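Here's the structure we're looking at; comments come further down.
The values are calculated or read from the model by the stated rules, or taken from the named source; none is laboratory data. These figures come from a predicted structure and were not determined experimentally. Note: ideal-geometry Cβ built from the backbone for every residue, glycine included; neighbour counts use all protein chains shown.
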Amino acid sequence: MKVRVFVSLKEGVLDPQGKAVGHALAALGFKGVGEVRIGRVVDLDVAAKTADEARKEGEAMAKALLANEVIEDFHVEVVA
Amino acid sequence: MKVGIVVFPGTNRERDMVQALTLATGRAPKLVWHQEESVTGLDLVVLPGGFSFGDYLRSGAMAAHSPIMTAVRRFAEQGGYVLGVCNGFQILTEAQLLPGALLRNAGMRFLSQDCHLKVEGKENIFTHGWAKGDVFRAPLAHGDGNYTAAPEMLDRLEGEGRVAFRYCRDDGYIQHDDAQINLNGSARSIAGVLSENRRVCGMMPHPENLTDPALGGTDGMPLFKGIVESLST
């Protein structure tokens with residue numbers, strides 16, 4: 001099964017990368033861009049047989065390594 | 001005193017650390033490869049700077065789960081002394097041997113320059129070589145040095161005297177929101193922290209790079225002399 005893990009900085013954690021991208025977008029003429037936050041998407045192919053198992057496995061992997069819960073939130077979707 | 005320096009693929013400051021520790025202890029430290037599974041017989045384990053595993057995923061994240069870190073965790077749990085500098089500090093937070101995390105520098109730029117640090121830690125071997133309130137110069141070279149932790153954790157670190165070092169001006173003045181002083185934007189200007197038992201210390205700047213007059217000064221030597229003095233008495 002395919003699992004997609006979305007990792008993003010927690011609310012309130014400064015995202016200097018997002019800020020810089022926001023400035024660059026404004027410089028390119030995109031008006032009205034507010035806060036920009038940048039995250040990470042991890043696509044995983046797992047051996048689990050059911051969507052439920054696959055989601056659980058994705059969550060376990062996010063907790064163990066893919067996300068640092070001190071600064072990041074994550075959510076897991078079963079893609080296929 | 002027996003010191004081990006852990007080397008990961010991408011570590012590049014281990015020789016600087018070897019030199020500083022050889023000067024301070026009078027004997028060469030042991031280099032420990034990341035795939036080894038034991039740190040038995042050591043008094044101090046040092047995680048040096050560099051870019052372990054190419055900083056993939058997050059700085060220090062991959063190294064924190066390598067075989068040697070299981071041994072380092074056990075060593076720390078049994079009361080062993082561990083020092084992490086720069087990438088070593090990042091690894092210690094990723095391994096949850098120290099609280100908090102290190103984010104991208106607030107100004108987005110990789111910083112390579114000298115900084116000044118104020119000594120604040122209480123009752124530990126890492127600040128033993130200085131008096132509380134002392135200010136010293138240390139080189140700094142990192143992209144992800146912006147220390148952060150939950151506000152309650154920051155309060156706890158301050159309340160328990162576990163902030164080892166803070167970024168300051170050369171006269172000791174601290175200003176959290178001044179990018180000329182708190183260079184990477186760290187929460188409460190924190191440059192180094194101690195574990196609950198005060199035996200694990202992580203810091204972003206590099207005292208090991210100022211331990212030889214031929215290289216510009218010995219401002220960083222009290223870190224190593226203080227450790228040696230504490231552990232050999």
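Brief remarks follow.
- A single entry from B:ASN12, B:ASN87 fulfils the requirement of being crowded, with 18+ Cβ neighbours inside 10 Å, under 29 Å from A:GLU72 (Cα atoms) and of a type outside the set (A, V, I, L, M): B:ASN87.
- Cβ-Cβ under 6 Å pairs, at least 6 apart or on other chains, region B:59-70 side within 14 Å of B:LEU97 (Cβ to Cβ), far side in a loop (DSSP other than H, G, I, E, B): B:ALA63/B:PHE8; B:ALA64/B:ALA95; B:SER66/B:HIS34; B:ILE68/B:HIS34; B:ILE68/B:GLU36; B:MET69/B:ALA95
- Lone qualifier among A:ALA64, A:ALA60 - being more than 10 Å from chain B (Cβ to nearest Cβ), within 30 Å of B:ALA187 (Cβ to Cβ) and at pLDDT 95 or above: A:ALA60
- Residue count for region A:19-29, restricted to those that are surrounded by fewer than 16 Cβ atoms within 10 Å (Cβ to Cβ) and within 11 Å of another protein chain (Cβ to nearest Cβ): 3
- B:THR40, sole failed condition from (1) hydroxyl-bearing (Ser, Thr, Tyr); (2) closer than 29 Å to A:VAL13 by Cα; (3) assigned to a loop (DSSP other than H, G, I, E, B): (2)
- Any hit, region B:101-108, residues being within 13 Å of chain A (Cβ to nearest Cβ), surrounded by fewer than 20 Cβ atoms within 10 Å (Cβ to Cβ), without any contact (Cβ under 8 Å) to a residue 12 or more places away in the chain and over 23 Å from A:LYS63 (Cβ atoms): yes
- The residue that is farthest from B:LEU154 (Cα to Cα), among those in region A:45-80 that are under 13 Å from the mean Cα position of the chain (by Cα) and part of a strand (DSSP E or B), is A:GLU77.
- In summary, B:PRO99 fulfils each of the numbered conditions (1) in contact with a Leu (Cβ under 6 Å, 6 or more places away or on another chain); (2) farther than 20 Å from B:MET17 by Cβ with the single exception of condition (1).
- A single member of B:ASP144, B:ASP219 is acidic (Asp, Glu), crowded, with 18+ Cβ neighbours inside 10 Å and touching a Pro at 6+ places or on another chain (Cβ under 9 Å), and it is B:ASP219.
- Checked against the criteria, B:PHE136 does not count as touching a Cys at 6+ places or on another chain (Cβ under 7 Å), more than 10 Å from chain A (Cβ to nearest Cβ) and either within 19 Å of B:ASP178 (Cβ to Cβ) or crowded, with 17+ Cβ neighbours inside 10 Å (or both).
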